[in-house]
Amino acid sequence: MNAPADRSPTGPSPGGPAGPPSGGAAPSGFSPGFRGRARQVADRLPPGQYPTESFPVLSAGPTPRIDPDAWQFTVTTETGAAHTWTWAQTMALPQEDTVRDIHCVTRWSKFGTRWRGVPLDVFLADVDTAATHAVVSSYGGYTTNLPLADLRGGKAWLVHTYDGFALSPEHGGPARLLVPHLYFWKSAKWVRGLRLGLRDEPGFWESVGYHDYGDPWREQRVRGD
């Protein structure tokens, strides 16, 4: 079973300890400029997180290798109507560059990540649906669930480029979901489709105890948070 760059919500942080605490005053020996930068970091860092310059690769199973020529993305409505795009068709859609902070449930946060891809609004624009929820599916069998509202309104993208380069398989290439306002396990790697529905259905990690929604600013790591 495959998963995005997150694993157990109670497991150790990659790279060792939990890292520096968020917030708090800078030591008095530091310059006002340093204190200003520290405040800027704290303002961008959800509770319980630490900033990192690296991009850890964490998965729950082997990394699938998908040929873009064989890749497809399908949105299936609650009535069974399917809308499918090939790789070439997806590349011909309006593209958007976005710079976002991302937050992993294993407690690392990475600021200013640069992506290019297609807003989910583009795929959903002509889809006739009364759905309220979506289950995201990936090549390899991984699933995760989100309210449909969290995939609309400029909140989510299907991305194929990271920091100017084609997305590597280890980071979810050829294409992954990007939902940066939620913990990163919701940004499913190796994405292949959305199944829309009228009720919430838990995905892979949600079924074993992860929080159903996963808001990093509310520390929604596990069920009950």
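Structure values in brief
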{"read-out": "Shape call, the range 116-225: gyration tensor on alpha carbons, a/c limit 1.5", "value": "oblate"}
{"read-out": "Protein accessible area in the range 41-83, 1.4 Å probe - carbon and sulfur %", "value": "49"}
{"read-out": "Nearest-0.05 FRET efficiency for residue 207 and residue 121, computed from C-beta distance (R0 30 Å)", "value": "0.60"}
{"read-out": "For the range 45-130: rounded, prolate or oblate by the Cα gyration tensor [a/c cutoff 1.5]", "value": "prolate"}
{"read-out": "Cut-off under 5 Å, modelled amide H: who pairs with residue 108 long-range", "value": "50"}
{"read-out": "Residue-normalised accessible area of the range 64-168, given per residue in Å² at a 1.4 Å probe", "value": "43"}
{"read-out": "For the range 127-138, Karplus couplings with θ = phi - 60° (6.51, -1.76, 1.60), whole Hz, Gly/Pro x", "value": "8, 7, 8, 10, 5, 10, 9, 9, 10, 8, 10, 10"}
{"read-out": "Sites matching GluC sites (Glu not before Pro) across the range 78-175 that sit in DSSP coil, with at most 16 neighbouring C-beta atoms within 10 Å", "value": "78"}
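The values are calculated or read from the model by the stated rules, or taken from the named source; none is laboratory data. Every value quoted in this text rests on a predicted model; they were computed, and no experiment measured them. Cβ atoms come from the backbone with ideal geometry, glycine included; neighbour counts cover every protein chain shown. Protein only, heavy atoms only, side chains kept; ligands, DNA and RNA dropped before computing areas. Shrake-Rupley method; radii C 1.70, N 1.55, O 1.52, S 1.80 Å.
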